[in-house]
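I have placed the structure first, in the form of structure tokens, so that the comments after it can refer back to it.
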Amino acid sequence: MNLDNYLSTWEEKIRNTVGKEQVLLATSGGVDSSVCAALLSKAVPGQLNCVFVDHGFMRLGESDEIEAAFANKPVRFICVNGEERFLAKIKGISDPETKRKLIGEEFIHVFEEEAKKLGHIPFLAQGTISLDVIESSSEHGAPIKSHHNVGGLPERMDFTGIIEPLSGLVKEEVRVLGKMLGLPASLVNRQPFPGPGLAIRVIGEVTKAKLDTLRQADAILRNELDTLEERPDQYFAVLTDTCAVGVKNDTRTFDPVIAIRAVNTVDFMHCDYTPLPHHVLKRVSERITGEISAVSRVVYDITSKPPGTIEWE
Ligand code: XMP
């Protein structure tokens with residue numbers, strides 16, 4: 001695939017399709033929606049409206065990073081701080097699938113509310129990539145696809161057309177395109193992050209305090225593993241709902257256990273746990289238990305998929 005040609009062809013297609021109208025994009029901060037935003041802002045500067053719904057389950061510093069990446073682009077970037085309402089929505093909920101469903105529902109509500117404030121926008125853009133395209137390929141490469149939808153949005157909202165400029169690309173090509181469009185490496189090389197975010201990495205009921213503890217542990221893990229020459233394909237911390245006895249400053253403690261997950265995978269359908277060197281695990285463990293008072297121990301998950309899934313919930 002010649003990405004220079006791909007880019008210029010799509011820029012032209014988008015200009016021809018959109019004309020002087022406005023385009024709406026729900027951006028998650030993930031690779032695909034960010035690259036989609038960068039492409040659209042180049043093709044139709046000043047006509048793209050990005051709505052980033054921050055559900056409060058992002059990793060440490062991530063929301064600011066996403067906002068900063070678009071600060072110098074000709075887009076209207078709207079960041080909605082939804083932490084309180086998302087936390088309220090899943091208050092008291094422990095079941096993982098119920099959490100996912102409620103977070104998904106709330107996302108659509110918030111997105112629709114914000115979109116309404118912007119007035120009628122005829123076009124919706126989506127960062128769908130080739131792997132996501134499940135419908136007929138007869139329209140492959142066409143600028144508008146009305147048959148394909150994500151998260152139920154196009155059906156509920158009234159759009160003239162759906163624009164999916166990444167639909168002919170695989171993930172690696174999307175990353176290269178992102179770099180060509182000037183997005184920071186930290187954004188285009190981002191590992192997969194589930195839509196419901198850290199809410200499904202806090203086992204059991206989610207609270208702000210638990211999220212803050214997990215955010216700290218996750219930041220330490222990433223800080224240590226980001227420097228490795230060979231990084232696992234996905235790695236993260238999980239705040240388990242198990243407490244264990246510990247000793248800190250000669251005092252007995254009884255605090256939660258953090259689990260570390262790191263996997264190597266090609267398709268995320270199967271994975272092997274990553275045999276991280278013990279000196280790395282030791283350092284991660286020392287830092288997490290030393291720097292976070294609310295954690296008693298760190299354990300390493302050595303389960304592959306199957307039988308385990310990548311996420312714990
Ligand atoms: P599992 O846990 O099913 O994860 O082995 C496979 C890949 O999918 C990601 N994942 C999700 N992504 N919403 C998402 O957008 C979700 O609810 C979700 N659950 C899992 C996971 O991070 C891994 O990359």
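The values are calculated or read from the model by the stated rules, or taken from the named source; none is laboratory data. These figures come from a predicted structure and were not determined experimentally. Using ideal geometry, Cβ is built from the backbone for each residue, glycine included, and neighbour counts are taken over all protein chains shown.
Per-structure values
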{"quantity": "Breaking point among (1) modelled with pLDDT under 95; (2) over 15 Å from the mean Cα position of the chain (by Cα), for residue 16", "calculated": "(1)"}
{"quantity": "Residue match in segment 231-249 (condition: touching a residue at least 24 places away in the same chain (Cβ under 8 Å), more than 16 Å from the ligand (Cβ to nearest atom), among the hydrophobic types (A, V, I, L, M, F, W, C) and part of a loop (DSSP other than H, G, I, E, B))", "calculated": "no"}
{"quantity": "Selected residue (only one of 42, 99, 89, 73 is at pLDDT 95 or above and over 20 Å from residue 201 (Cβ atoms))", "calculated": "42"}
{"quantity": "Residue among 41, 28 that is in contact with a strand residue (DSSP E or B) (Cβ under 6 Å, 6 or more places away or on another chain) and not aliphatic (A, V, I, L, M)", "calculated": "41"}
{"quantity": "Output for segment 154-187, where each listed residue is assigned to a helix (DSSP H, G or I), of a type in the set (A, V, I, L, M, F, W, C) and modelled with pLDDT of 95 or more", "calculated": "174, 176, 177, 180"}
{"quantity": "Qualifying residue in segment 299-312 (condition: within 13 Å of the ligand (Cβ to nearest atom), within 27 Å of residue 188 (Cβ to Cβ), within 25 Å of the chain's Cα centre (by Cα) and free of Cβ contacts under 8 Å to residues at least 24 places away in the same chain)", "calculated": "yes"}
{"quantity": "Number of positions in segment 262-289 that are of a type in the set (A, V, I, L, M, F, W, C) and part of a strand (DSSP E or B)", "calculated": "3"}
{"quantity": "Some residue of segment 251-261 being in a strand (DSSP E or B), surrounded by 14 or more Cβ atoms within 10 Å (Cβ to Cβ), away from the ligand (no atom under 14 Å from the Cβ) and of a type in the set (D, E, K, R)", "calculated": "yes"}
{"quantity": "Of all residues in segment 59-85 being within 22 Å of residue 214 (Cβ to Cβ) and in contact (Cβ under 8 Å) with a residue 40 or more places away in the chain, the one that is surrounded by the fewest Cβ atoms within 10 Å (Cβ to Cβ)", "calculated": "61"}
{"quantity": "Residue 38 of a type in the set (Gly, Ala, Ser), buried (at least 21 other Cβ atoms within 10 Å of the Cβ) and within 24 Å of residue 185 (Cα to Cα)", "calculated": "yes"}
